[in-house]
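What follows draws every value from the coordinates through simple rules; no lab data is involved. Bear in mind the structure is a predicted one, so any value in this text is a computation, not a measurement. Reconstructed Cβ throughout: ideal geometry from the backbone, glycine too, with neighbour counts over all protein chains shown.
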Amino acid sequence: MSPGESNEVNYSESDSNITSTSSTSEEVIVPLLPNPRRIVTGHDESGKAIISMDDEVEVMDQWQGVIRGAKIWTNQHIPTKDNLTDVDGSTRPVPGLGLILPQGISHRYTDLAPGRMTPMHRTNSVDYNILISGQLILVLDNDVEKEVEVGHVVIQRGTRHGWRNPSTTEWTRWVSVLIDAVPVEVDGKPLEDTWEP
């Protein structure tokens with residue numbers, strides 16, 4: 001995108017595409033990324049390994065059509081007892097921003113629309129973010145930016161940050177494993193979760 005151009009994304013929940021328009025009045029139809037496939041193993045009654053689930057997890061609107069996400073699995077504690085049950089870990093409710101399960105682990109996909117940025121935010125967690133499709137810029141305090149390429153891992157340790165998709169033509173997708181953590185303290189005060197739209 002040239003300096004002075006703006007990129008606007010129009011989206012509605014029922015669409016399978018978004019329309020991206022720039023100040024040049026050019027419209028580009030941008031297809032959404034497909035729902036991810038989830039394969040979950042387990043055991044039969046004799047203890048042999050089986051496929052217990054093989055499905056698609058629906059990616060849904062998380063914030064104004066700009067951020068879409070899918071919860072893949074959550075664990076309530078470590079060590080987990082999930083190997084001893086048939087419970088679908090994606091059905092556990094996650095409080096607050098819906099990202100961090102207290103004393104547990106959340107595994108999720110996040111999609112970000114072309115030319116858009118997430119709000120700056122912080123969670124009291126250690127997050128392992130792996131870019132699997134598209135382009136992504138990590139944004140930190142003081143306008144520090146770091147380009148992330150497919151296959152790169154960003155380990156986020158309770159810092160205030162945002163994500164920006166520099167592409168004007170395609171969605172970006174990353175997968176995250178988020179582990180609940182003790183809050184960072186500054187001058188003896190814990191830093192709280194934030195979401196700054």
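For the chain, the ratio of Cα radius of gyration to the globular rule of thumb 2.2 N^0.38 Å stands at 1.13. Taking other C-beta atoms within 10 angstrom as a stand-in for reagent exposure, Val148, Val182 fall in the order Val182, Val148, fewest first. When peptides 110-122, 92-104 are ranked by their average number of other Cβ atoms within 10 Å per residue, the highest-first order is 110-122, 92-104. Computed from the C-beta positions of Val139 and Asp61 and an R0 of 22 Å, the FRET efficiency is 0.50 to the nearest 0.05.
Put a dot 7 Å past the Cα of Asp187, heading toward its Cβ, do the same for Ile39, and the two dots end up 5.3 nm apart. How many nm is it between the label spots at Leu97 and Val150, if each spot is 7 Å from the Cα in line with the beta carbon? For Leu97 paired with Val150, the spin-label model returns 2.7 nm.
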